[in-house]
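This is the structure I want to talk about, given as structure tokens.
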Amino acid sequence: MKIILSIALLLGSLLSLNIEAQGYSENKAPNWKLKTQAGKNISLADYQGQPVILHFWATWCPYCKKLQPKLAELEEKYKDSGIKIVSISFNEDEGALPQDSIKERGYNFITAVNGDKVAEKYDVKGTPTTFFINRHGIVIFKSTSSNIEDPRLELAVQEIIKANSYLQSER
């Protein structure tokens, strides 16, 4: 009975959370265009029709380093759905090489650099901040935690990979 109640509470919390309206039109993820460390253009539009985990982070952030293995694990677990992690590095120290840091940690997800203006657009207050965006470009869930045990992370992934996902949530 406790397990059923716990699951019901977790699902209820995921379903009942509301995303803040700042910068969003019907929870539509704002488009952005940045460059990678190698100078290649990258934008959210490049991932149109795909579920995206949009991860704002910094190389100096210990909480980001704690969360990234879980995000990579979820991407791998649900890779058949087409899910992608796209990370945006911001508030970096001079000379930081974010993509190199990701590779050194053993991950291969792409990192856009100099994302301070995009972080402002998404009302990101700190690191890590992670948005779960469905195939329709709708933000389903926003996490500002590095708690890798938080079941809402996987629940959010399960929601964004659905073909017709329109759930709205926050924090």
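Here, each number is a calculation from the coordinates, and none is a lab measurement. What you see is a predicted model; the values in this text were computed from it and never measured. Quick reminder, even Gly has a Cβ in these numbers, built from the backbone with ideal geometry, and neighbours come from all protein chains shown.
In terms of the ratio Rg/(2.2 N^0.38 Å) built on C-alpha atoms, what value belongs to the range 44-171?
Cα-based Rg divided by the globular estimate yields 0.97.
Between Q48 and K117, take the C-beta separation as r, use R0 = 35 Å, and let me know the FRET efficiency to the nearest 0.05.
Numbers: r = 21 Å, r/R0 = 0.60.
It comes to 0.95.
Given a Förster radius of 45 Å and the C-beta distance between A38 and E154 as r, what FRET efficiency does 1/(1 + (r/R0)^6) yield to the nearest 0.05? Working shown, then result.
Working: r = 31 Å, r/R0 = 0.70.
Efficiency for this residue pair is about 0.90.
Continuing with the same structure: Which of K70/K103; K66/K125; K40/K65; K35/K84 have a Cα-Cα distance over 21 Å? Kindly include the intermediate steps, with their values, before the conclusion.
Details: K70/K103 16 Å; K66/K125 18 Å; K40/K65 24 Å; K35/K84 17 Å.
Cα-Cα > 21 Å for K40/K65; rest within.
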